[in-house]
Each structure stands twice: as structure tokens, then as C-alpha cells.
1. Of a type in the set (Asp, Glu) and under 22 Å from LYS20 (Cα atoms): is that true of ASP65 in this structure?
2. When VAL75 is evaluated against the numbered criteria (1) within 14 Å of the chain's Cα centre (by Cα); (2) modelled with pLDDT under 95, which criterion, by number, is the only one it fails?
3. Of all residues in region 61-72 being farther than 16 Å from ALA132 by Cα and in a strand (DSSP E or B), which is modelled with the lowest pLDDT?
4. Do any strands (runs of 3 or more DSSP E) entirely within region 94-201 hold 2 or more residues that are within 17 Å of VAL62 (Cα to Cα) and either open to solvent by 40 Å² or more (accessible area, probe 1.4 Å) or modelled with pLDDT of 95 or more (or both), and if so, which?
Amino acid sequence: KSSSRVIPINALLSRFFYLKGNLFENFSFFTTPINIGESSGLIAIFGTPTYSWDTSVVSFAVAIDNIFSSMETSVTNGILGFLNIHDVLVYNNSFSNCRASRGGGLSVLYSLKAIVKDIKFINCSSSSDGGAIIFQEIRDLKFFNLTFFNCSSAKEGGGIKAEAITQAEGGDIVAVNLFSKTRGGFLLVRQSGAFILKGLKIFSRGTLSNFS
């Protein structure tokens, strides 16, 4: 818990990563961190940099019961970022007053399976897409019981931007006062397959729009 200009965690893994019960507060980073394919997260968890998904090297990452508060970066995807992880589980975390270039709180890029549930995003924003979350290149995505309040993006997807998702299912989502400057006040989906949404509650400026 301190003010810092360094990445608090940067993990390159091939098997397993577990992040539980931590408080991350008042971190900032404004220069390019490590690049493996793409930069990803102030809390950056990298898997095997391959798109062949060699099953002999299975990476599994879990983030449970963590608090991310007043964290900012101008160069990474998300405050908590997963890149090239086969299986991702993000459960019961909160993001408040967080800002990143893409995905103001969370990014999951290039994954076989991702489950995101019981997460709160308060006053999160991005200088590009996905005010709270970026999902990209995921084969099987599930996201449930998410709360968004006062989140915004400078481009697309005030709450979530999802791109190149093979199949996704989401539900039990509350979104209040979300905004994007271009398209998708709450959610923008691009170049994806089956996308199922149930139990949405969107209030004030939040809109569900612009599937393309």
C-alpha cells in the first residue's frame, strides 16, 4: 500500500498463479512495462506466449478477494491483466478509482476459458476502449454478478468491450451511469460468435448497444 511508479506484480508463469486477499492502493505507472506480445496490467500475469495452446503447458490463474483502489496507468491493458492464460478465474474482487489505457479495471486477453464473477467496478475509466473491462480472443467466456457505477471510456464500451469471443454468457449485471464517447454505453461486442446476456439492469446513461 504505497505510491509507486513500478509494477507491483509482474508474473510470467507456465503453470499456476494465485492472488488472494490483497489490497493494492495508490499505484501509478506511466512508461511502457514489459512487453510479451502485448503489455497487460499493472498486476500483470503472463502465460505461455503461444497461440497454438500446447496442452503440455497449461497455465491457470486465479484472483479472489482482492481490492484495487486508486490505481492508474496510461500504457497497459487493465489494472489487473491476464495475457495468454489458458484458464482464468476472477472472483469477488473490487476496482475503485482505477484508470488504464484499455480496460480501466480488468483485462483478459487470449484465453481458452475465463470466468469473471462477483466483481464491482466503481469510477473506473479508460483512455481508449472498455471503461472497466477488456475481453479479447477468448474461446469460452462467462461473466456474472457484475456491478458498474460511474464508469466510462474515451472510445468504445463504457463498461465492457469484448472482441473476438468464440462464445460468451453473461448475466445478473447492474450498470449505473456508464458512458462512452463513441459507441456502446455499457457494452460493445465485435467480431464474436454466440453472445448470451440475461438479467441486465442498466440505469441512467448506460445503454446496451452497437453489436457489430
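The values are calculated or read from the model by the stated rules, or taken from the named source; none is laboratory data. Since we're looking at a predicted model, the values are computed, not measured. For the accessible areas, the whole protein counts, side chains as well, though only heavy atoms, and no ligand, DNA or RNA atoms are used. Shrake-Rupley method; radii C 1.70, N 1.55, O 1.52, S 1.80 Å.
1. Judged against the criteria, ASP65 is a match.
2. Going through the list (1) within 14 Å of the chain's Cα centre (by Cα); (2) modelled with pLDDT under 95, VAL75 breaks only (1).
3. Residue satisfying both the conditions and the ranking: ALA61.
4. 94-96, 106-122, 133-149
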